[in-house]
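Visitor: Sharing a structure with you now.
The values are calculated or read from the model by the stated rules, or taken from the named source; none is laboratory data. From a predicted model like this one, the values you see are computed outputs, not experimental measurements. As a convention, Cβ positions derive from the backbone with ideal geometry for all residues, glycine included, and neighbour counts pool all protein chains shown. These area figures cover heavy atoms from the full protein model, side chains too; ligands, DNA and RNA do not enter into them. Shrake-Rupley method; radii C 1.70, N 1.55, O 1.52, S 1.80 Å.
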Amino acid sequence: MRHIQHFCTGRRAPTLERVSTQRSLILLRHAKSDYPPGATDHERPLAPRGIREAGLAGDWLRAHAPAVDAVLCSTATRTRQTYARTALAAPVRYVDDLYDAAPGTVLATINTVGDDVGTLLVIGHEPAMSRVALGLAGSGTDAAVAQRISEKYPTSGIAVLQVGGSWADVQLGSAALVGFHVPR
């Protein structure tokens with residue numbers, strides 16, 4: 001019997017079969033941050049432009065993406081504020097390991113999400129967000145979208161991927177990169 005990590009409670013829940021449902025993974029780079037004197041990188045807040053663009057990101061997600069069921073968010077101030085300004089109401093789990101994370105760490109965190117989550121939003125940093133989006137891109141990927149992301153993944157950038165099966169099975173090349181939007 002396989003076990004998965006339940007998103008909200010952290011408990012391990014049993015499952016008997018692999019889920020073959022199509023899921024959506026949304027990777028959002030935090031909005032534009034400020035550089036106040038004396039603030040550590042982890043404590044940097046959003047800049048006024050970032051506050052506006054995080055709101056625009058939330059508007060775009062509500063209008064163009066499936067409803068977000070759960071959020072994984074870096075613990076940095078700018079990522080927390082980005083999530084707050086999107087005005088999304090999905091349950092959020094703040095994860096220390098997503099701050100300054102390697103792509104493998106982001107993938108390992110995604111792999112802990114329970115299969116009751118159909119659409120997952122991950123809010124993080126560069127260069128991890130672009131590397132995860134491009135690393136997951138496999139069959140069904142829109143080449144023009146991959147090209148845009150490889151050129152630049154600006155603040156507030158939103159990559160949309162389609163994932164088949166369980167979150168526990170997400171690995172390199174296992175998703176279709178289908179969209180990219182930068183709210184401005």
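Visitor: Please state which of the following conditions Tyr99 fails to meet, knowing it meets all the rest: (1) in contact with a Ser or Thr (Cβ under 8 Å, 6 or more places away or on another chain); (2) open to solvent by less than 30 Å² (accessible area, probe 1.4 Å).
Guide: Of (1) in contact with a Ser or Thr (Cβ under 8 Å, 6 or more places away or on another chain); (2) open to solvent by less than 30 Å² (accessible area, probe 1.4 Å), only one is false for Tyr99: (2).
Visitor: Working only within region 37-66, note down all residues that are within 22 Å of Val178 (Cα to Cα), in a helix (DSSP H, G or I) and open to solvent by less than 60 Å² (accessible area, probe 1.4 Å). Break it down stepwise before answering.
Guide: Narrowing region 37-66 to residues within 22 Å of Val178 (Cα to Cα): 53-54, 56-66.
Checking the rest, the ones that are also in a helix (DSSP H, G or I) come to 53-54, 56-64.
If the condition is that a residue be within 22 Å of Val178 (Cα to Cα), in a helix (DSSP H, G or I) and open to solvent by less than 60 Å² (accessible area, probe 1.4 Å), then Glu53, Ala54, Leu56, Ala57, Gly58, Trp60, Leu61 are the ones that fit.
Visitor: Where residues in region 122-156 are open to solvent by 60 Å² or more (accessible area, probe 1.4 Å) and among the hydroxyl-bearing types (Ser, Thr, Tyr), which of them is farthest from the chain's Cα centre (by Cα)?
Guide: Here the answer is Ser139.
Visitor: Taking only pairs six or more apart or across chains, which ones have beta-carbon atoms under 6 Å, a first residue in region 136-148 that is under 11 Å from Gln162 (Cβ atoms), and a second residue that is of a type outside the set (Asp, Glu) and assigned to a loop (DSSP other than H, G, I, E, B)?
Guide: From region 136-148, the pairs are Gly138/Gly173; Gly138/Ser174.
Visitor: Which of (1) more than 21 Å from Asp59 (Cα to Cα); (2) exposed (fewer than 15 other Cβ atoms within 10 Å of the Cβ) is the odd one out, the single condition Thr105 does not satisfy?
Guide: (2)
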